1. Failed condition for ASN10, given (1) more than 18 Å from VAL108 (Cα to Cα); (2) in contact with a Leu (Cβ under 7 Å, 6 or more places away or on another chain), with all others met?
2. Collect the residues in the stretch 97-146 that are acidic (Asp, Glu) and touching a residue at least 24 places away in the same chain (Cβ under 8 Å), keeping them in residue-number order.
3. Across the stretch 95-144, what is the total count of residues that are under 15 Å from TYR72 (Cα atoms) and exposed (fewer than 14 other Cβ atoms within 10 Å of the Cβ)?
4. Name the residues in the stretch 42-58 that are touching a helix residue (DSSP H, G or I) at 6+ places or on another chain (Cβ under 7 Å), surrounded by fewer than 18 Cβ atoms within 10 Å (Cβ to Cβ) and assigned to a loop (DSSP other than H, G, I, E, B), would you?
Amino acid sequence: MRTAIVGIGNSLMRDEGVGVHVARALVDARLPEGTRVIDAGTDPDVAFDLDGFDRVIVVDAVLGGESPGTVYRFGDEVELDASGSRRACHDVGFLEILRKTARRRPEVIILGVEPDEIDWGLDLSPVVRRSVDRVIEVVQQELRRP
């Protein structure tokens, strides 16, 4: 199974960049053959490069209304860039582009982390930094799932 792990976010805006931090942490991890880690930053056009993957795991900051550091798991039925309680921190049409461009629609899993601090800075807040290990565990669980 070909799987892409896509970290989304602005690493200049503290917790908004949690997806990028997770992607960078996974680059040196032992991952199953056929797995590719992509640091997408704030570029929704990376979705154009995902055709041919069976599964796409997206990691992003998500405003879900829970405590900072909470880890969420959604399927692609959720509209992360729509207004409402469950939305990505930035207005990226990543899922929309993926849905429209993929010849064969992959399974999409969204792992979100509730941010604590969205402000200028390169480091994650302490509570979100502690959640990165949990997100990596969930990614590993998803990769073991058939």
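The values are calculated or read from the model by the stated rules, or taken from the named source; none is laboratory data. These numbers were taken from a predicted model, which means no experiment stands behind them. Neighbour counts run over all protein chains shown; Cβ positions are idealised from the backbone, glycine included.
1. All conditions pass for ASN10, except number (2).
2. Residues of the stretch 97-146 that are acidic (Asp, Glu), as a first pass: 107, 114, 116-117, 119, 123, 133, 137, 142.
Within the stretch 97-146, GLU107, GLU114, ASP116, GLU117, ASP119, ASP123, GLU142 meet the criteria.
3. Residues meeting the conditions: 4.
4. Matches in the stretch 42-58: ASP51 only.
Residue by residue, here is whether (1) among the hydroxyl-bearing types (Ser, Thr, Tyr); (2) surrounded by 13 or more Cβ atoms within 10 Å (Cβ to Cβ); (3) part of a strand (DSSP E or B); (4) modelled with pLDDT under 95 holds:
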{"residue": "ASP15", "(1), (2), (3), (4)": "no, yes, no, no"}
{"residue": "VAL18", "(1), (2), (3), (4)": "no, yes, no, no"}
{"residue": "ALA23", "(1), (2), (3), (4)": "no, yes, no, no"}
{"residue": "ALA40", "(1), (2), (3), (4)": "no, yes, yes, yes"}
{"residue": "ASP60", "(1), (2), (3), (4)": "no, yes, yes, yes"}
{"residue": "GLY65", "(1), (2), (3), (4)": "no, no, no, yes"}
{"residue": "PRO68", "(1), (2), (3), (4)": "no, yes, no, no"}
{"residue": "PHE74", "(1), (2), (3), (4)": "no, yes, yes, yes"}
{"residue": "GLY84", "(1), (2), (3), (4)": "no, no, no, yes"}
